[in-house]
Amino acid sequence: MHFSTSFVAAVAALLSASTVDAHMVITSPTPFNPEHLTNSPLDPSGADFPCKFSDTYTAGNGAVPAENIFPAGSQQTLSFKGSAVHGGGSCQLSITEDKLPHKGSVWKVIHSIEGGCPSSADGNLSEDANGSGASVFKFQIPDTIKPADYTFAWTWYNRIGNRELYMNCAAITVTAAVKRRYAPLSTAQTANHVSLSKRQDLPMMFVANINGCTTSEGKDIRFPNPGDSVQYAGKPLNLMGTDQPICSWKDGKPGPMPGNGSGGSKPQPSSTVSVAPQYPTPESIPVSPPASPSVDVPSGYASVPIASRPFNAPVVSPGFFATQKFSAPEPSATPASPLSAPNPGAGAGTTTDKNSSSNSSGSDGNGGSMNGPCSNEGEWNCFGNGLKLQRCASGVWSAVTKVAQGTKCTSNAGNIVILAAKRGVVSPAKMHRRRGHGSHLS
């Protein structure tokens, strides 16, 4: 049977239109003006970057829907409708302070998905423009984000098909983080006066396929700087190697490299990539409290046991999340004498590393107070000649507390023992009665 050229072209156009009708859009967070949001990619010229904004699609009234109000530190859902997943690909989730984003907006990445986004299917799902068969992802609003209104963006580089960039945006409100009991806010959480656009811990959103740098087909791309929150949801064989550029410029020169690599001599637009510093591998977090060691009790005192609060092991979420990375620790000190370099081998002392506990090798109560984050959950710090206490609780050092009158403290490997004069051991009942006078332990 012979078909005319015009007939074949018409069929191809029909199939292409059918596929376009089933392209992907986000359903959570709720996007701007969802009734008028089309599911096509951005124009290759970048004319409708960002957010597909154009003469035919706008942000509408820009109001934040109730379902898009997110507490800082909370886990949220990324979901889609459609079926043309193009063999998956890689996605980034970013935010900007601009309530009505424009081409000069600064986008900061809060989560990257390298591979398997919006699905790990080899091709497309069963055709359905309203289908919900794509993957559902979880992401976290960083707890260091200042409460305010932001614009959220989902960007997607499809693995199979035309070299495209998809982008949907949503108006969101970030509210204050829910403060945990006994846990003062960390320095990072309280330092929210820093503008989002100036934060160095959040990378810039990667942009390609609309700016002259084109990705290769057939592989899930790796981002030049995915940030600290990275998820691998695809098939390992589909993920591009680290020895090839993510995209190539029109003149044939290589673009940026995966990870923190360099992409050759071609100048890169400021909105394209952000080169990140190298991060050290974090130390593992203990999941059980240390065993109670023996403590040398000075003469003239009797030991009084103290009941510790229950130790809660960290909760590990299922999925393909990579280990979170942190910036290299910066030591700080509050010595009484002129500042000198800290001794790495020192045990208890008067200087404090903001990312580690210095009391783990024992303390006779003559050390100093601790400030900021801590890593050994449940650890005690006894100082001030044995008259003051504080504890590592929920990742930060608690406020300083005085011991009960007539007692002293001493610690070893982060465990605490209260010492009472030989004239009598302080009973729990007596300690309880003192609580009304502000000299109790907490």
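The values are calculated or read from the model by the stated rules, or taken from the named source; none is laboratory data. Please read these numbers as outputs of a predicted model, since none were measured by experiment. Glycine gets a Cβ as well: all are built from the backbone with ideal geometry, and neighbour counts include every protein chain shown.
Being in contact with a Leu (Cβ under 8 Å, 6 or more places away or on another chain) and either surrounded by fewer than 18 Cβ atoms within 10 Å (Cβ to Cβ) or under 22 Å from Asn39 (Cα atoms) (or both) is the requirement here; does Ala134 meet it? Here the answer is yes, as Ala134 does meet what is asked. On the phi > 0 side of the Ramachandran plot and at pLDDT 95 or above: is that true of Gly234 in this structure? No; evaluated as a whole, the condition is false for this residue. For the range 118-151, which positions are outside any strand (DSSP E or B) and among the hydrophobic types (A, V, I, L, M, F, W, C)? The answer is Ala121, Leu125, Ala129, Ala134, Val136, Ile141, Ile145.
The number of residues in the range 175-196 that are modelled with pLDDT of 85 or more, surrounded by fewer than 17 Cβ atoms within 10 Å (Cβ to Cβ) and not β-branched (Val, Ile, Thr) comes to 1. Of all residues in the range 197-213, those satisfying the criterion of being part of a loop (DSSP other than H, G, I, E, B) and either within 17 Å of Phe152 (Cα to Cα) or modelled with pLDDT under 85 (or both) are Arg199, Leu202, Pro203, Met205, Phe206, Val207. Looking across the range 63-82, the residues that are within 27 Å of Ser229 (Cβ to Cβ) and either polar (S, T, N, Q) or assigned to a loop (DSSP other than H, G, I, E, B) (or both) come down to Val64, Pro65, Asn68, Ala72, Gly73, Ser74, Gln75, Gln76, Thr77, Ser79, Gly82. Out of Glu97, Glu67, one residue alone is in contact (Cβ under 8 Å) with a residue 12 or more places away in the chain, among the acidic types (Asp, Glu), assigned by TED's automatic domain parsing to the domain that holds Asn211 and out of contact with any helix residue (DSSP H, G or I) (no Cβ under 6 Å at 6 or more places or on another chain). It is Glu67. Quick one: is Asn61 within 18 Å of Asp149 (Cβ to Cβ), at pLDDT below 95 and surrounded by fewer than 22 Cβ atoms within 10 Å (Cβ to Cβ)? In short, yes. When the range 146-171 is filtered for residues that are out of contact with any Leu (no Cβ under 6 Å at 6 or more places or on another chain), among the hydrophobic types (A, V, I, L, M, F, W, C) and surrounded by fewer than 22 Cβ atoms within 10 Å (Cβ to Cβ), the ones remaining, listed by number, are Ala148, Ile160. Per the conditions (1) touching a helix residue (DSSP H, G or I) at 6+ places or on another chain (Cβ under 8 Å); (2) over 15 Å from Ala22 (Cα atoms); (3) at pLDDT 95 or above, the sole criterion not satisfied by Thr144 is (3).
In the range 108-115, the count of residues that are over 23 Å from the mean Cα position of the chain (by Cα), over 17 Å from Pro31 (Cα atoms) and either outside the structural domain of Leu196 (by TED's automatic domain parsing) or in a loop (DSSP other than H, G, I, E, B) (or both) is zero. Selection over the range 21-50 of residues that are in contact (Cβ under 8 Å) with a residue 12 or more places away in the chain and among the charged types (D, E, K, R) gives a count of 2. From the list Ser79, Ser90, the lone residue that is modelled with pLDDT of 95 or more, of a type in the set (Gly, Ala, Ser) and surrounded by fewer than 22 Cβ atoms within 10 Å (Cβ to Cβ) is Ser79. Is it the case that Lys103 is surrounded by fewer than 17 Cβ atoms within 10 Å (Cβ to Cβ) and modelled with pLDDT of 95 or more? Yes: the conditions hold for Lys103.
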